[in-house]
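This report concerns only the one structure given below.
The values are calculated or read from the model by the stated rules, or taken from the named source; none is laboratory data. Predicted, not measured: the structure shown is a model, and the values here were computed from it. Every residue, glycine as well, gets a Cβ built from its backbone with ideal geometry; the counts of neighbours run over all protein chains shown.
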Amino acid sequence: MLAAIYCRLSKEDSGREEGANSESIVNQRKLLSDYAVKHDFDIYDYYIDEDRSGLDRERPDFLRLIEDARLGRFEVVLCKTQSRFTRDMEMVEKYIHGLFPLWGIRFISVVETYDTAIKGNKKARQISGLVNEWYCEDLSDNIKAVLHKKMRDGEFIGSFACYGYVKSADRHGLEIEEETAEVVRKIYRMYLDGDSSRVIAAKLTSAKIPTPTAWKQMKGLKYKNPAAAKKEYIIDKQIENGATDNELQIDKRFTWSNNTIKKILSNETYIGTLVQGKEQKVSFKSKRIRTVPKEAWIRVENHHPAIIDYETFEKVRGLRKSRMR
């Protein structure tokens, strides 16, 4: 019988080696290979996902395994434990108890000795699936509680500092980056002088000042902005169609948007207030993000040096309200 060997390592697992499959993966692979030899299975292929959660449904090799199973390229799936295959109870039912039997695939969890060819251990597999899912839920709740405490204690937990700032040496504070902070001050001065956010965006674009996204990327940070990515796609398409530099409608590095200016003009970070907890995941099983009501945001005043004084910020806030009316 042909057997597929599936190994997975999550980011929470330890013992990883930089630039190569981790020791944990090596051990999983050896354990499963030895099991295959001992039970006279021929190995069809190895499917390995590194740094992937057991709740992740988009794991590349997991999806490749499922597709090969659907096509009948092997008859057995070998995993160290059921949790290596998935920690999602819905996926246990969908594949192990649903589609695999339909496709003629036998699932074996070596350490737990679960085998779908043995009818008597289905309940044990289901209980294990529930326990694995509860583990993820508890882990998610614990991580969320730790992050909320860090935010209440005034620790910056974001991956990137907002435009005008850089992370401090301990990674939990913010320090002024004078070059970009001067652009922020200029934006506030222009608005107080009567320029609209759209006019300000046009002036910064004409002056070829790098946008916040472009600035981070120019400094070597792996920062991605969905809106900026859309601009890049448009430019790439224009180039593919033979557009010259003068004909390009968008220069991704210097094209400031109206929304970017509005966000800068309303961002309390610039008066020294750290605001976090604006968004949260819908659930531990979903990647979808929802907006948290303003009253539930976590604010820490006088957290870091201000770029804009409070009086200027309030003047701009008042102007924006009156102009909107």
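Summary of computed values
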{"read-out": "Subset of the stretch 40-96 [within 20 Å of VAL110 (Cα to Cα), at pLDDT 95 or above and aliphatic (A, V, I, L, M)]", "value": "ILE43, ILE48, LEU65, ILE66, ALA69, VAL76, VAL77, LEU78"}
{"read-out": "Qualifying residue in the stretch 186-202 (condition: under 30 Å from SER83 (Cβ atoms), of a type in the set (Ser, Thr, Tyr) and out of contact with any His (no Cβ under 8 Å at 6 or more places or on another chain))", "value": "no"}
{"read-out": "Filtered residue count, the stretch 73-129, keeping only those that are closer than 20 Å to ARG52 by Cβ, polar (S, T, N, Q) and crowded, with 19+ Cβ neighbours inside 10 Å", "value": "5"}
{"read-out": "Residue list for the stretch 24-49, restricted to those being in contact (Cβ under 8 Å) with a residue 40 or more places away in the chain, of a type in the set (A, V, I, L, M, F, W, C) and touching a strand residue (DSSP E or B) at 6+ places or on another chain (Cβ under 8 Å)", "value": "LEU32, ALA36, PHE41, ILE43, ILE48"}
{"read-out": "Selection within the stretch 91-123 - without any contact (Cβ under 8 Å) to a residue 12 or more places away in the chain and not hydroxyl-bearing (Ser, Thr, Tyr)", "value": "LYS94, GLY98, LEU102, ASP115, ALA117, ILE118, LYS119, GLY120, ASN121, LYS123"}
{"read-out": "Filter pass, LEU174 being surrounded by 17 or more Cβ atoms within 10 Å (Cβ to Cβ), aliphatic (A, V, I, L, M), over 20 Å from the mean Cα position of the chain (by Cα) and within 29 Å of LYS281 (Cβ to Cβ)", "value": "yes"}
{"read-out": "Subset tally (residues that are among the β-branched types (Val, Ile, Thr) and either touching a strand residue (DSSP E or B) at 6+ places or on another chain (Cβ under 8 Å) or under 16 Å from ILE118 (Cα atoms) (or both)) for the stretch 50-67", "value": "0"}
{"read-out": "Cβ-Cβ under 8 Å pairs, at least 6 apart or on other chains, the stretch 50-62 side in the same structural domain as VAL26 (by TED's automatic domain parsing) and surrounded by fewer than 18 Cβ atoms within 10 Å (Cβ to Cβ), far side among the acidic types (Asp, Glu) and in a loop (DSSP other than H, G, I, E, B)", "value": "ARG57/ASP88"}
{"read-out": "Subset of the stretch 203-220 [hydrophobic (A, V, I, L, M, F, W, C), in contact (Cβ under 8 Å) with a residue 40 or more places away in the chain and assigned to a helix (DSSP H, G or I)]", "value": "LEU204, ALA214, TRP215"}
{"read-out": "Single condition GLU133 does not satisfy, out of (1) in the same structural domain as ARG299 (by TED's automatic domain parsing); (2) touching a helix residue (DSSP H, G or I) at 6+ places or on another chain (Cβ under 6 Å)", "value": "(1)"}
{"read-out": "Any hit, the stretch 161-174, residues being farther than 18 Å from VAL300 by Cα and in contact (Cβ under 8 Å) with a residue 60 or more places away in the chain", "value": "yes"}
{"read-out": "Among residues of the stretch 34-59, those that are in a loop (DSSP other than H, G, I, E, B) and charged (D, E, K, R), counted", "value": "7"}
